[in-house]
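The structure appears below as structure tokens.
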Amino acid sequence: MILDGKAVSEKRLDLLKEEIDESGLYPRLATVIVGDDPASRMYVRMKHRACERVHIGSVGIELPETANTEDVLDAVRRLNRDQDIHGILVQLPMPGRIDTEKVIEAVAPGKDVDGYNPFNLGKLFSGHPVFAPCTPRGIITLLDEYGIDISGAHAVVAGRSIDVGRPMAALLLNRDATVTICHSRTKDLAGELARADILVSAIGKARFIGPEMVKPGAAVVDVGINHVDGKLCGDVDFDRVAEKAAAITPVPGGVGPMTIATLMENTFTAAKRIICSRVV
Ligand code: NAD
């Protein structure tokens, strides 16, 4: 079974647009980007296009490559105060000289639609998430959409980043999976992965995971985005693993579209929370 993130995300975006139109609210997302990295610029453009599609307003703040931490913090603080902005997304990675942690901590938790602020990560890890990071949240939605049982499953997550691996583990744990987190120092990665009912790979190594690392009948979720000979591929050797897994996400067309759809959903949630709390 192919876990078709593109189709599921299209369906969810259509529903979200209807919901936004019916709500009479006008959610607005602000993006902040520093410098000219082409990949980051492309991701930001995709997010603005998705906003247009679901009738979320969007503004883009572009800071030059020469910007320093204080410049980025100023932009974020201005957006925090702006009553017409409901979601703030700071595009990562930022140039190395910027103190990324300080910037993430400056985003108001109620507008932190990426879910990276320590307050939101704390809520997630305590089992009461408000805004969970979009990629892992989108993966849970995709698994649910295809009826894959999470409760009681042994889930193995490869990668421990703050945007994917760690929050993925927390979300799976919140749904009663037994979770193992693997990373670059894990002694027997292949052995750990081969025990997974649900395998999530977010390591960023092209076709690194072969069929020998996959349990027959597993659900395999490939977060990796790698470029090989000008083409996109995931961390998983798709053709060979697909023969052994019960369910698998393609790259592209799997996790990526779910990430953007979830960002839109988080932005609408933020708008509802902010606007309704003002009314009360
Ligand atoms: P990262 O570089 O921050 O983290 C990579 C993780 O992989 C680290 O925790 C590291 O310990 C682990 N790792 C590296 N080599 C390993 C190995 N040989 N064995 C076990 N673990 C190993 O990356 P990230 O931000 O988490 O992203 C991971 C991948 O997912 C990248 O390819 C990225 O482009 C992609 N990504 C995709 C989406 C999407 O929406 N599809 C979103 C975010 C990231």
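The values are calculated or read from the model by the stated rules, or taken from the named source; none is laboratory data. Source: prediction; values computed, not measured. Note: ideal-geometry Cβ built from the backbone for every residue, glycine included; neighbour counts use all protein chains shown.
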Item to check | Candidates Ile139, Ile162 - the one that is of a type in the set (A, V, I, L, M, F, W, C), within 11 Å of the ligand (Cβ to nearest atom), buried (at least 23 other Cβ atoms within 10 Å of the Cβ) and touching a residue at least 40 places away in the same chain (Cβ under 8 Å) | outcome: Ile139
Item to check | The lone exception for Thr100 - which of (1) touching a helix residue (DSSP H, G or I) at 6+ places or on another chain (Cβ under 8 Å); (2) within 16 Å of the ligand (Cβ to nearest atom); (3) among the β-branched types (Val, Ile, Thr) it fails | outcome: (1)
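One line per residue, one yes/no per condition, for (1) in contact with a helix residue (DSSP H, G or I) (Cβ under 6 Å, 6 or more places away or on another chain); (2) in a loop (DSSP other than H, G, I, E, B); (3) over 22 Å from Gly115 (Cα atoms); (4) among the hydrophobic types (A, V, I, L, M, F, W, C):
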site	(1), (2), (3), (4)
Arg12	yes, no, no, no
Glu22	no, no, yes, no
Leu29	yes, no, no, yes
Ile33	yes, no, no, yes
Asp36	no, yes, yes, no
Arg45	no, no, no, no
His48	no, no, no, no
Checklist entry - Do any helices (runs of 4 or more DSSP H) entirely within the stretch 114-175 hold 1 or more residues that are within 23 Å of Ala218 (Cα to Cα) and in contact with a helix residue (DSSP H, G or I) (Cβ under 8 Å, 6 or more places away or on another chain), and if so, which? => result 134-145, 165-174
Checklist outcome for this item: Being out of contact with any strand residue (DSSP E or B) (no Cβ under 8 Å at 6 or more places or on another chain) and surrounded by fewer than 19 Cβ atoms within 10 Å (Cβ to Cβ) narrows Phe119, Phe131 down to just Phe119
Item to check | Which listed residue, of Ala75, Ala7, is closer than 30 Å to Ala246 by Cβ, outside any loop (DSSP other than H, G, I, E, B) and without any contact (Cβ under 8 Å) to a residue 60 or more places away in the chain | outcome: Ala7
Checklist entry - Based on what the data block shows, is Ala190 at pLDDT 95 or above and crowded, with 17+ Cβ neighbours inside 10 Å? => result no
Checklist entry - Which of the residues belonging to the stretch 194-249 are over 23 Å from Glu145 (Cα atoms) and in a strand (DSSP E or B)? => result Ile209, Asn226, His227, Val228, Lys231, Leu232, Cys233
Next on the checklist: Please go through the stretch 166-182 and give me each residue that is basic (Lys, Arg) and either more than 12 Å from Pro136 (Cα to Cα) or not assigned by TED's automatic domain parsing to the domain that holds Ser201 (or both), ordered by number.
Outcome noted: Arg175
Checklist outcome for this item: All conditions in (1) crowded, with 23+ Cβ neighbours inside 10 Å; (2) under 22 Å from Met168 (Cα atoms) are true of Leu92 except (1)
Item to check | Options Met42, Met1; residue that is touching a Phe, Trp or Tyr at 6+ places or on another chain (Cβ under 7 Å) and aliphatic (A, V, I, L, M) | outcome: Met1
Checklist entry - Can you tell me which residue in the stretch 179-198 is nearest to the ligand (Cβ to nearest atom), limited to those that are among the hydrophobic types (A, V, I, L, M, F, W, C) and more than 13 Å from Glu212 (Cα to Cα)? => result Cys182
Next on the checklist: Of everything in the stretch 238-262, what is touching a Leu at 6+ places or on another chain (Cβ under 7 Å) and either more than 10 Å from the ligand (Cβ to nearest atom) or basic (Lys, Arg) (or both)? Give them in sequence order.
Outcome noted: Ala247, Ile248, Ala261
